[in-house]
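Novice: Encoded as structure tokens, here's the structure I'll be asking about.
Where a number appears in this text, it was derived from the coordinates with a stated rule and is not lab data. Since the model is a prediction, treat every value here as computed from it, not as a measurement. In this analysis, Cβ positions are derived from the backbone assuming ideal geometry, glycine residues included, and neighbour counts consider all displayed protein chains.
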Amino acid sequence: MAIYEFPWNPFDPGDPGPCIKFSVARYADDIEYGKSIGLEYLEPPIPTALIDTGSPFTIISKVLAKNCHLFLTNPRFPIRTLNGDCETEEYCGSISFPGSGLPRIPAVQILARDFYKEASYSCIIGRNILKRWDVRFDGQGRTVTIKV
Amino acid sequence: MIRRGVGMAVASPLEIELKIFEDHRREWAQSHLGKFVVIREDTVAKGFFDEYEDAFRAGIQQFGVEQNFLIKQIWKTEPVYFVA
């Protein structure tokens, strides 16, 4: 079992929420095949993701989705936002969590959206990933623990 | 049968696949409600899948990684999920 514990203070008004470092890449087996035939891949960036139990899906910035060459599986995925209904792109990608010890997820559904420039994260970890984890928040200790 | 070919405009990626899905939605919803289906061009992958990830792996096995394919969950009407 992998356990990752990190601090989070929800009472700090400047705190964006419980965040974790992540890395997103094209389907993992695809990359491993490419490496086996001599292709070279740049190391993916390691930005920050917000853990959000309110989001049904994992969402990354459109810029990141394009730069990481994720596998498009639906160009017109319908969503509802505070601004109304619209469509967005759905990709399949591999997500890992460097430095956490949490296991990589080799293939997962990912939506792509525009993020505010000032956002301190470029990914929202939604319930399609959280359903694989046991996530607990200790309010007194102000820590989040993820068990897989 | 719909095929990509010379003289046929392709507006955006996976448009043909989306049309095929809509053409079959009602039929599939009767027997495979809530399952995922995989379509590339005019070919529907063998099988219907409980999970998106299983559908993706089946698509990779049947179609390879050279070209994108559509993955759609089958509902009678298109659900709209709230995303902040």
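Novice: Please state the relative contact order of chain A as a whole percent: Cα pairs under 8 Å, 6+ residues apart? If you can, show how the numbers build up before the last one.
Specialist: Numbers: 300 pairs, mean separation 51.0, N = 148.
Reported as a whole number, the value is 34 percent.
Novice: Specify the inter-centroid distance of segment B:44-84 and segment A:10-57, based on alpha-carbon positions, in whole Å.
Specialist: The distance from the Cα centre of segment B:44-84 to that of segment A:10-57 comes to 21 Å.
Novice: From the Cα gyration tensor of segment A:44-134, with a ≥ b ≥ c the square roots of its eigenvalues, which class applies: rounded if a/c is under 1.5, or else prolate if a/b is larger than b/c, or else oblate? Could the numbers behind the result be given before it?
Specialist: Working: a/c = 1.41, a/b = 1.36, b/c = 1.04.
Note, shape of segment A:44-134 comes out rounded.
Novice: A further question on this structure: Average partner chain C-beta neighbours within 10 Å, per residue of B:58-71?
Specialist: That average works out to 3.
Novice: Do the alpha carbons of any pairs in A:LYS131/B:LYS72; A:LYS66/B:LYS72; A:LYS35/B:LYS35; A:LYS147/B:LYS76; B:LYS19/B:LYS46 sit beyond 28 Å of each other, and which pairs?
Specialist: Distance filter (> 28 Å) returns A:LYS35/B:LYS35; A:LYS147/B:LYS76.
Novice: Å³ per residue of the Cα convex hull, for segment A:1-85?
Specialist: 172
Novice: Which shape class, rounded, prolate or oblate, goes with segment A:91-148 when its Cα gyration tensor gives a ≥ b ≥ c as root eigenvalues, a/c under 1.5 marks rounded, and past that a/b bigger than b/c marks prolate?
Specialist: Values: a/c = 2.04, a/b = 1.25, b/c = 1.63.
Verdict is oblate for segment A:91-148.
Novice: Can you pull out the trypsin sites (Lys or Arg not before Pro) in segment B:29-84 that DSSP calls coil and that have at most 15 other Cβ atoms within 10 Å?
Specialist: Taking segment B:29-84 and a limit of 15 other Cβ atoms within 10 Å, the loop trypsin sites (Lys or Arg not before Pro) found are B:LYS46, B:LYS76.
Novice: Would you kindly derive the ³J(HN,Hα) couplings of segment B:39-44 from the backbone phi angles with the Karplus curve 6.51 cos²θ - 1.76 cosθ + 1.60 (θ = phi - 60°), listing them in order in whole Hz, with x for Gly and Pro?
Specialist: 9, 10, 6, 9, 10, 9
Novice: With springs only between Cα atoms under 10 Å apart, run a GNM on chain A and tell me which of A:LYS62, A:LYS35, A:LYS21 wobbles the most.
Specialist: Most flexible of the set in this elastic network: A:LYS35.
Novice: Here's a follow-up. Quick one: among A:THR73, A:THR48, A:THR58, which has the greatest mean-square fluctuation in a GNM of chain A with alpha-carbon springs under 10 angstrom?
Specialist: A:THR73
Novice: Who wins for biggest fluctuation among A:LEU39, A:LEU82, A:LEU50 in a Gaussian network model of chain A, springs between alpha carbons below 10 Å?
Specialist: With Cα springs under 10 Å in chain A, the top fluctuation among A:LEU39, A:LEU82, A:LEU50 is at A:LEU82.
Novice: Related question: Can you give me the convex hull volume of the Cα atoms of the protein assembly as shown, divided per residue and expressed in Å³? Please list the in-between numbers first.
Specialist: Working: hull volume 36.8 nm³, N = 232.
Spread over its residues, the Cα hull of the protein assembly as shown gives 159 Å³ apiece.
Novice: Still on this structure: Calculate how steeply helix B:52-63 sits against the longest principal axis of the alpha-carbon atoms of chain B, using the helix alpha-carbon long axis, and give the answer as 0 to 90 degrees to the nearest 10.
Specialist: Rounded to the nearest ten degrees, it is 30.
Novice: In segment B:15-73, if every C-alpha pair distance is counted and binned at 10 Å from zero, what percent goes to each bin?
Specialist: Per 10 Å bin, starting at zero, the Cα-Cα P(r) for segment B:15-73 comes out as 26, 58, 15, 0 percent.
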